[in-house]
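What follows draws every value from the coordinates through simple rules; no lab data is involved. Model, not experiment: these values are computed from the prediction. Here the Cβ is made from the backbone with ideal geometry for all residues, glycine too, and neighbour counts use every protein chain on show.
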């Protein structure tokens with residue numbers, strides 16, 4: 001008797017990963033090339049724009065990216081003049097991160113494209129389905145944090 005695989009293409013986990021991959025894949029061609037921006041830099045920008053003055057560790061926590069990926073993203077944003085770093089008065093070893101004027105400009109422009117893409121993705125869902133999906137994802141994120 002053949003043993004079934006622990007995860008298959010019908011599993012919810014596989015479907016969740018697939019949605020992330022399918023929605024992230026076009027980023028490079030549609031947005032990344034036009035703005036010289038990586039997907040991880042964009043993810044970091046979202047957190048920094050939403051929470052000005054965060055530290056790199058906070059970006060890693062919010063995005064789920066590992067510290068090295070966040071470090072590379074921050075270095076890329078900094079090299080492109082899209083980031084301001086200020087010393088943390090409570091801990092001089094840490095920097096607080098802010099988008100520069102250039103970073104804010106790029107964030108606004110890319111954000112408009114991202115919002116259109118998001119609207120296309122959600123077009124086939126009812127408002128209550130979107131609300132339920134958001135609640136379910138919040139529960140999953142909380143569960144992952146509880147086990148980390």
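Run lengths n ≥ 4 of DSSP H only: what is the helix-derived mean residue ellipticity at 222 nm for the chain, with -39500 (n - 2.57) per run over all residues, to the nearest 500?
-20500 deg cm²/dmol
Given the options 46, 74, 30, state which has the largest fluctuation in a GNM of the chain using a 10 Å cut-off (strictly under) for Cα springs.
Answer for the Gaussian network model of the chain: 30.
Between residue 91 and residue 15, what FRET efficiency follows from the Cβ-Cβ distance if R0 is 30 Å, with the result rounded to 0.05?
Working: r = 41 Å, r/R0 = 1.37.
Calculated transfer efficiency: 0.15.
Relative to the present Cα-Cα distance, how much length would full extension add between residue 136 and residue 114 at 0.36 nm per residue of separation?
5.7 nm
What FRET efficiency would be calculated for the residue pair residue 57, residue 8, taking the C-beta separation as r and a Förster radius of 41 Å, to the nearest 0.05? Display every interim value, and only then the final one.
Numbers: r = 36 Å, r/R0 = 0.87.
Computed FRET efficiency for residue 57 and residue 8 comes out at 0.70.
Using a 10 angstrom cutoff on alpha carbons, build the Gaussian network for the chain and name the most mobile of 37, 16, 96.
The residue with the greatest mean-square fluctuation here is 16.
Determine one quarter of the surface area of the Cα convex hull of the range 1-137, which equals its mean projected area, and express it in nm² to one decimal. If you can, show how the numbers build up before the last one.
Numbers: hull surface 46.3 nm².
Mean projected area for the range 1-137: 11.6 nm², to one decimal.
Which whole-number percent is the relative contact order of the chain (Cα, under 8 Å, 6+ apart)?
The value is 17 percent.
Using a Gaussian network model of the chain whose springs link C-alpha atoms within less than 10 Å, name the residue from 93, 117, 25 with the highest mean-square fluctuation.
Comparing 93, 117, 25 in the GNM, the peak value goes to 93.
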